[in-house]
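The values are calculated or read from the model by the stated rules, or taken from the named source; none is laboratory data. These numbers come from a predicted model, not from an experiment. Don't worry about glycine lacking a Cβ; one is built from the backbone with ideal geometry, like all the others, and counts go over all protein chains shown. These accessible areas exclude ligands, DNA and RNA; they are computed on the full protein's heavy atoms, side chains included. Shrake-Rupley method; radii C 1.70, N 1.55, O 1.52, S 1.80 Å.
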Amino acid sequence: MSNTDFALAVEDLTVSFDGFKAIDNLTLYIDKNELRVIIGPNGAGKTTLLDLICGKTKASGGSIKFKNEELTKLDEHIRVRRGIGRKFQTPSIYENLSVFQNLEVSYPTGRSVFGALGFKCTDEVKARVQVVAEEIGLADTLEKEAGLLSHGQKQWLEIGMLLMQDPELLMLDEPIAGMSARERELTAELLKRICKNRSVIVIEHDMEFVKQIAHKVTVMHQGKILAEGSMATVQADPKVIDVYLGH
Ligand code: ADP
Ligand code: MG
């Protein structure tokens, strides 16, 4: 496979903070419609990698290509328009708006033919809200105030807000932290559904969850890739057991 066939090609990526290399010459390829899970000990550089891909942090060196276009020089909001969605660890929903309104305000302006005139085509937006609400399991909760949702539902709503933009790459940092067992199961199903139409990168610690969702697992350590492959392969890797799974 040539490098141009990947959704995302990260090559020789490095970022230094005062001389400390949080990401150290890292190379990683993600396929279209792949669900990749990144694991590794605290401080390995997992969150920093997502920061670099979405543009929150600027790389010191190396390349990040998305659908074969170089991203490293593009601003964060341009990367969003190119189809990159990023969910942070703490949900950022509008607590006093309804679920419907949260999704509605996340519909990208300028995508609709009416966008240029300064208003949205309501039917188009409503239809999209409905599709996304069903996808995230909140179709029966559209009128509810977002602040009244359970912790898990808030996380799904934020994923829905990102899905409103129909991203081709969605990145989620520890999405099931604080969720109940049932909510974790539903999140696994949700992620398996949404990667049918896009690539997804998930950072996660819960190995049972990782096993359920991962197509492939990347293990990071000290800003580098320690191991990569199927869940079974990385779980059996002595290096991985030594720095991460053994603890
Ligand atoms: P992980 O998500 O794998 O736990 P992080 O990516 O958050 O790890 O952090 C990797 C390392 O980079 C840590 O040592 C952290 O302290 C450092 N780091 C992350 N962001 C910054 C920053 N903006 N300035 C300085 N150091 C940072
Ligand atoms: Mg982190």
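How much FRET efficiency would the formula 1/(1 + (r/R0)^6) give for Asp5 and Thr72, where r is the Cβ-Cβ distance and R0 is 22 Å, rounded to 0.05?
Using R0 = 22 Å, I get an efficiency of 0.65.
Whats the longest run of the chain with zero GluC sites (Glu not before Pro) that are DSSP loop and have at most 14 other Cβ atoms within 10 Å?
144-247
Tell me, what is the percent relative contact order of region 1-93, built from C-alpha pairs under 8 Å that lie six or more residues apart?
Taking the mean separation of contacting Cα pairs over the length of region 1-93, I get 31 percent.
Within region 158-247, report the trypsin sites (Lys or Arg not before Pro) that DSSP leaves as loop and that have at most 11 other Cβ atoms within 10 Å.
Lys196
Between region 24-95 and region 185-222, what is the C-alpha centre distance in whole Å?
Computed from Cα coordinates, the inter-centre distance equals 15 Å.
Taking 8 Å as the Cα distance limit and 6 or more residues as the minimum spacing, I'd like the relative contact order of the chain as a percentage.
On the way: 450 pairs, mean separation 66.1, N = 247.
Value for the chain: 27 percent.
Rounded if a/c is under 1.5, else prolate if a/b beats b/c, else oblate: with a ≥ b ≥ c from the C-alpha gyration tensor eigenvalues square-rooted, which is region 1-88?
rounded
Once you compute Rg and the Kirkwood Rh from C-alpha atoms, what is the Rg to Rh ratio for region 109-247?
Details: Rg = 18.2 Å, Rh = 17.1 Å.
Over the Cα atoms of region 109-247, Rg/Rh equals 1.06.
Of Phe17, Phe6, which has the most accessible area with a 1.4 Å probe, and how do the rest follow in descending order?
Phe17, Phe6
What part of the accessible area of region 121-184, given as a whole %, is carbon or sulfur when the probe is 1.4 angstrom?
Carbon plus sulfur share of accessible area: 47 percent.
When only alpha-carbon atoms count, how far does the chain stretch along each of its three principal axes, as whole angstroms with the largest first?
In descending order, the Cα extents are 53, 40, 37 Å.
Rounded to the nearest 500, what is the chain's calculated 222 nm mean residue ellipticity when only DSSP H runs of at least 4 contribute -39500 (n - 2.57) each, over all residues?
One gets -9000 deg cm²/dmol as the mean residue ellipticity at 222 nm.
Please report, in Å, the Rg and the Dmax of region 172-247, where both are computed over Cα atoms only.
Just the Cα atoms of region 172-247 yield Rg and Dmax of 12.9, 36 Å.
Using a 1.4 angstrom probe, figure out how much accessible area the chain has per residue, in square angstrom, rounded to the nearest whole.
Accessible area per residue: 47 Å².
Only bridges with both residues in region 90-238 count here: give the DSSP antiparallel percent, nearest 5.
55
What does the accessible area of Thr57 come to, in Å² to the nearest 10, when a probe of 1.4 Å is used?
Accessible surface of Thr57 is approximately 30 Å².
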